[in-house]
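**Q** To start, I am sharing the structure in question, which I have written as structure tokens.
The values are calculated or read from the model by the stated rules, or taken from the named source; none is laboratory data. What you see is a predicted model; the values in this text were computed from it and never measured. No Cβ is skipped: glycine too gets one built from the backbone with ideal geometry, and neighbour counts run over all protein chains shown. Heavy atoms of the whole protein, side chains included, go into the accessibility calculation; ligands, DNA and RNA do not. Shrake-Rupley method; radii C 1.70, N 1.55, O 1.52, S 1.80 Å.
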Amino acid sequence: MRPVLVRRQLVLVAVTVLAIAVSLAVTTRPGHKAAAALPPPVGSYTALVASTGPKSVGKKTACGVVVTSRTVGISSPVLPCGVRLYMSRGARHILASVIGRGPTAAGAEFGLTPALAHRLEITGLRRVHWSYTATG
């Protein structure tokens, strides 16, 4: 495996563990009430993404989610199921969860469901900005 890819995966795992720890610390406080607003983003990264394509609609992912034409989700070979990420391209910012393993497109770091790719106006292989959420 290439050293750059290994380093990137280690950073992703470290940030995931940090996000989970922060999430647990915030949600286990006595008297904690869920905020009505979306959680703030943590960090700022870029990645190449591609749509999983229409062939993924109707199939069950490795995380147990059946993809529909409206499913807004991400596939990642590194991040665990359920991790929520903000994906941004231009003025579009979408909060989505990891729902599968992948990506399936060569060179992509994340796979996007067709609905998420449509909302971000992604065709082919594109670079996006992404960040974790501060809470789970």
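**Q** Given the options 96, 106, name the one that is farther than 17 Å from residue 43 by Cβ and small (Gly, Ala, Ser).
**A** 106
**Q** How about segment 74-101: which of its residues are open to solvent by 30 Å² or more (accessible area, probe 1.4 Å) and outside any strand (DSSP E or B)?
**A** 77, 78, 80, 81, 82, 90, 91, 101
**Q** Only one of 104, 71, 16 is modelled with pLDDT under 90, in a loop (DSSP other than H, G, I, E, B) and either in contact with a Leu (Cβ under 9 Å, 6 or more places away or on another chain) or open to solvent by 80 Å² or more (accessible area, probe 1.4 Å) (or both). Can you tell me which?
**A** Going through 104, 71, 16 in turn, just one is modelled with pLDDT under 90, in a loop (DSSP other than H, G, I, E, B) and either in contact with a Leu (Cβ under 9 Å, 6 or more places away or on another chain) or open to solvent by 80 Å² or more (accessible area, probe 1.4 Å) (or both): 104.
**Q** Enumerate the pairs (first residue in segment 62-83 and on the phi > 0 side of the Ramachandran plot; second residue anywhere and in a strand (DSSP E or B) and open to solvent by less than 50 Å² (accessible area, probe 1.4 Å)) with beta-carbon separation below 6 Å, excluding pairs fewer than 6 apart on the same chain, so at least 6 apart or on different chains.
**A** Between residues of segment 62-83 that are on the phi > 0 side of the Ramachandran plot and residues that are in a strand (DSSP E or B) and open to solvent by less than 50 Å² (accessible area, probe 1.4 Å), the close pairs are 82/97.
**Q** Kindly indicate the residue of segment 107-117 that is touching a residue at least 60 places away in the same chain (Cβ under 8 Å) and touching a Leu at 6+ places or on another chain (Cβ under 9 Å) and also surrounded by the most Cβ atoms within 10 Å (Cβ to Cβ) among those meeting that condition.
**A** Ranking the candidates gives 112 first.
**Q** Now for a separate question. So, of the residues in segment 118-136 that are farther than 12 Å from residue 83 by Cβ and of a type in the set (A, V, I, L, M, F, W, C), which turns out to be surrounded by the fewest Cβ atoms within 10 Å (Cβ to Cβ)?
**A** It comes out as 125.
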